[in-house]
Every structure is written in C-alpha cells, then in structure tokens.
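A short write-up of the structure that comes next.
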Amino acid sequence: MKAQKLRQGKGYDNRVMYCFNCSMDITVEEEQANTNTLDRTILHYMVRDGDRAYFSKEYIPVGMPKEGTKKPDITAIMESSAERKVKWYIYDLKDTVINTKTVLKLCSQWHSGIEHIEEQYLNGLDGYSIESSLGVITRYWSKDMLQKEKNGYMEKINQANRGGLLTARKSRANLDEYRQKVKAIQYIIDGIFIDEEVSGGEKSYDIHYVHMTTADKITYTAEMDIKF
C-alpha cells in the first residue's frame, strides 16, 4: 500500500495514507457547521518495537476520484511482520445516529473503507491473521428513534403488499428503497454490520460505539487506543 512517512508532531493531509513505526497521538477533528461545535477524537497509537502503523483521515486510494467516493473518517492499521498479524480500525465520526439518512451514509462509508483496505493492503498479505474493529464515534445514538423509523418503513412495505400485485409492481422501486433502509437500520440496532463483498459473499462485523463527552457543549471529545 502506498503510504507517506508521518513524522511525530507534524500535521497530515486528508485522504493520504501515512505510515510510521513509533507510538504517537493523532487528533482527528470534524466541525459541525450547523451548531458551531467541534467533534474531536484522539487516537493513542501504541506501537511496539518492530511493528508498523498506518493512519489516514478520509482515506481514498491513489488514483480514485475524490468527488463522489465514500470514505470513513478514520482508517488505522497495526502490522506485526514478526507475528504475521494485522489489526485494522475503520470508524466514522457522527454527531448523532438517530435517523435513516445518517445510518445509510454510515453503512456506505464502512463498506467503502473495508473495500479500500482490502484492495490496497489486505489482499497482498500472505499468511497473516487479521483482526478488525469497526464502529462509530458519536455524541448520541438512539435505538428507540431508529426503531421508530424502521417501523414506519415496515408499515409502508406492508401497505404496498396489501394493495395487491398491481400496486406492488408500481411500488417496486420504492419497496426496494424501503427494504434497504430497514436492513441498514437493523444493522445499527443489532450492533452487527453485514458487508456485501464485491465477490458476492457477506462478512459480518461487530459495531463498536465510542461516545464523545463535553465539558462546555462546544467541543466533544473521545479517545481510542490503537494497538494489538
């Protein structure tokens, strides 16, 4: 995987993959323009002697168009060539996870993040064990609010089905959309994301929720350890 060397204490550019071989803290920030607040996550990289680490904010592989490409906020990787193992982290920052629009975007970003590191990095490893950590860093999420939205889409599906074959045919496009929304919401409610791979297979990942806290209601902060 193409990566630039990240020097401790120096900044970084978005959409670029960096590599380094020492422990360091990396801060990822995202402004919420509608509320004039800031989301901040501090990544504590714990790199052992001989290990290699990677980091990117909004990673996009070299040559892929910047516009229109879905990308998670955080892509982090730990690699031990001595132990032949890798652990990757794909996380996105969301101020809240309470509606379908956010859930659909989150699932799309997870899917793209996994696909990018598989194509650019993981597929080139031979004989390595791979551990994953996937999730969302958020101020607040509500299972009840998501369940309510899911119930609304289920009712629309049931109404179309009760309308008979003609109604179902006319509503086919909408029905597919409703089913996709129901499926995405259920992932969040269940805490398990099922990724549909390019090969046609599926792989499931536990969803980890990292909560941000605030002392002044302006800056919301979370911390994560990146380690084996």
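The values are calculated or read from the model by the stated rules, or taken from the named source; none is laboratory data. These figures come from a predicted structure and were not determined experimentally. Ideal geometry is used to build each Cβ from the backbone, glycine not excepted, and the neighbour counts take in all protein chains shown. Protein only, heavy atoms only, side chains kept; ligands, DNA and RNA dropped before computing areas. Shrake-Rupley method; radii C 1.70, N 1.55, O 1.52, S 1.80 Å.
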Residues being assigned to a loop (DSSP other than H, G, I, E, B), under 25 Å from TYR128 (Cβ atoms) and open to solvent by less than 70 Å² (accessible area, probe 1.4 Å) - total across region 58-80: 6
Set TYR54, TYR45, TYR18, TYR89: member being of a type outside the set (Val, Ile, Thr), under 19 Å from the mean Cα position of the chain (by Cα), surrounded by fewer than 20 Cβ atoms within 10 Å (Cβ to Cβ) and under 19 Å from MET224 (Cβ atoms): TYR18
Residue in region 139-159 that is within 19 Å of GLU29 (Cα to Cα), open to solvent by 90 Å² or more (accessible area, probe 1.4 Å) and touching a strand residue (DSSP E or B) at 6+ places or on another chain (Cβ under 6 Å) present: yes
Residue in region 193-205 that is surrounded by fewer than 14 Cβ atoms within 10 Å (Cβ to Cβ), of a type in the set (Asp, Glu), modelled with pLDDT of 95 or more and under 24 Å from the mean Cα position of the chain (by Cα) present: yes
Tally of residues being part of a loop (DSSP other than H, G, I, E, B) and farther than 15 Å from TYR89 by Cα across region 1-57: 25
Output for region 1-10, where each listed residue is over 19 Å from GLY124 (Cβ atoms) and open to solvent by less than 60 Å² (accessible area, probe 1.4 Å): LEU6
Enumeration of residues in region 170-192 that are open to solvent by 60 Å² or more (accessible area, probe 1.4 Å), closer than 16 Å to TRP110 by Cβ and out of contact with any Asp or Glu (no Cβ under 7 Å at 6 or more places or on another chain): GLN180, LYS183, ASP190
Tally of residues being modelled with pLDDT of 95 or more, not in a helix (DSSP H, G or I) and not acidic (Asp, Glu) across region 128-180: 14
From LYS105, LYS94, LYS101, residue being crowded, with 19+ Cβ neighbours inside 10 Å and without any contact (Cβ under 8 Å) to a residue 60 or more places away in the chain: LYS94
Which numbered condition SER133 fails, given (1) free of Cβ contacts under 8 Å to residues at least 40 places away in the same chain; (2) of a type in the set (Ser, Thr, Tyr); (3) open to solvent by less than 80 Å² (accessible area, probe 1.4 Å): (1)
